[in-house]
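Single-structure report; data block below.
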Amino acid sequence: MYKDNTNHYNTTIWDLNMCFGGFPYLGVSNSSLAQLSITNMQQMAINIHATDVYWPMINIINSNAQYKKMLVAHMRTLVNDFFATGTYITKANQFQALIDTSVQSDNFKFYTYPQFQNGLTSNVSVGSYSVPGISNLMGARLSYLQGTADFNYATPTITAVSANTNSPAINSTVSITANVVNTNTVYLGYRTNNHQKFTRVLMYDDGAHNDGAAADNIYGASIIVTTAETEYYIFAENATAGIFSPERAEHEFHLLNTNLAQPNVGDLVINEFLAANNFGQTDENGKHEDWIELHNTTNNVLNVSGLYLSDDYTNPTKYTIPNNIIIQPNGFLTIWADEDNMNGEALHCNFKLLNSGEQIMLSNGTAVLDSVSFGFQGADISIARCPDGTGSFEASSTPSYNMSNCAVGVNEINMELASLLAFPNPANEELTITCSANAVLPMEVLNIVGEVVLKEELHQTLKINTSTFSQGIYFLRVTNEPRFGLVKFVVAK
């Protein structure tokens, strides 16, 4: 298993020939069951290794009541969807037919062709142990699991999951409700980017969270929608069991989609680019890479997901801007052109810009939104429009990464330089907030449901104590300066 940057543990699939009893060992620390019989496999306990020090992840899950309920909920879903329906047998027969000719012609196979033909239903002896036929193993294991106490506890029931609007506006508050019975606690899990960890918050049936009347089994919670797409699920538990909605969460989830149209010609333009970045802005990996800046020329939030960038007019769909990417009104979006687009989800193009000269094209697949051709580019000299979005492209010795290219007066300079930053992010004990505006600004900290948890005055730098904050997502808001927008930060314990 490996832990990713969201602190989730992921399974690395390895040696699938060891599945379904092909490797009948349980671990040397449990000598009485080190080599499993077929009956041992069929009746392996759900909490096996729960207290064995050699299995720390299993220890942690089984010692946490909520994690254990989640584990059993997912096991129940797998059993009901894949094994109780016989889907696994259908799949196995399809795979068997697919590889039949290759198996017959393989002169180095470990088993005979008749053993392969009968492998779904017949056991095979290998030395001192037997490998079970797949249906022999799982048919009996299905009966065993369905007879356990964990599988027979009465779970909560979740129905009527809904949001108060199907097309929320950006930065608006959305209330989500669900009808849940036979439960003690209900949670809403949500995230605004599929690279993030889901955040869980409590849902309430108290009549004060847009949940109808108190004690009517309708639970509610509210979140602030900050991106084009928000993924969410419900988890409910009682003293003995838990359940998800949808049941395959967090692999599947409910969706909130904002009503954002993609830009028309003139709404979004190429505003600046740098083809020879030697000493300028660095990416999140600390590298000096080429970049392309886009500018929203409108007063509306634009959804740019699914648009295309290319450095080749004959191949306009070379790089696809990933899902859930928006640009604020009159805002900027900078994309690295560095060939580091490994998984298709990061804001890194699968091409670089040649400082000897080439072209850049922005399109929606049917229409070209903007394009520019350029010649030789000097080191750390960007090509930028001034005024932003409408001016002609000119060389600039002071690249203005992700910001306005041309300050023309005191007010514009102040607007250009004004930025609100929060670090470290995630925070634990303390958060430092900086603002480049030379003024005393009233600032609020909001929790995920929009409640003000702290009010302070900010003059360029402010430190706040976050040790008493609950773990989760928060927002900074300068109340008299809407140009700053909402700045998100996370408190992680």
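What follows draws every value from the coordinates through simple rules; no lab data is involved. Predicted model only: the values in this text are computed from it and were never measured. We place every Cβ from the backbone using ideal geometry, glycine too, and count neighbours over all the protein chains shown.
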If you take the beta carbon distance between Asn315 and Ser470 as r and set R0 to 45 Å, what does 1/(1 + (r/R0)^6) give as a FRET efficiency, to the nearest 0.05? 0.35
Determine the gain in length on full extension of the stretch Asp4-Tyr67; use 0.36 nm per residue of separation and subtract their C-alpha separation, reporting nm with one decimal. 20.8 nm
Suppose every Lys and Arg Cβ carries +1 and every Asp and Glu Cβ carries -1, with no other charges. What dipole size does the chain come out with about its Cα centre, to the nearest 20 debye? 1580 debye
FRET efficiency for Thr87 and Ser397, Cβ-Cβ distance as r, R0 = 56 Å, nearest 0.05? 0.30
Cα long-axis angle, helix 87-105 against the chain (0 to 90 degrees, to the nearest 10): 80 degrees
Which order do Trp14, Trp55 fall in if you start with the one that has the fewest other Cβ atoms within 10 Å? Trp14, Trp55
Sorting check: for 122-129, 200-207, which peptide has the highest mean count of neighbouring beta carbons within 10 Å, and how do the rest follow? 200-207, 122-129
Value of [θ]222 nm, deg cm²/dmol, for the chain, DSSP H segments ≥ 4, -39500 (n - 2.57) each, nearest 500: -4500 deg cm²/dmol
Pair Thr390, Asn257: separation of 7 Å Cα→Cβ label points (nm): 3.4 nm
Please compute the modelled spin-label separation between Ile60 and Asn47, points set 7 Å along Cα→Cβ, answer in nm with one decimal. 2.0 nm
Using Cβ contacts closer than 10 Å as the measure, can you line up Cys406, Cys435 from fewest to most? Cys406, Cys435
Using a 7 Å offset from the Cα along the Cα-to-Cβ direction at both Ile99 and Leu202, what is the distance between the two label points in nm, to one decimal? 5.1 nm
Can you put Thr314, Thr159, Thr434 in order, fewest other beta carbons within 10 Å first? Thr314, Thr159, Thr434
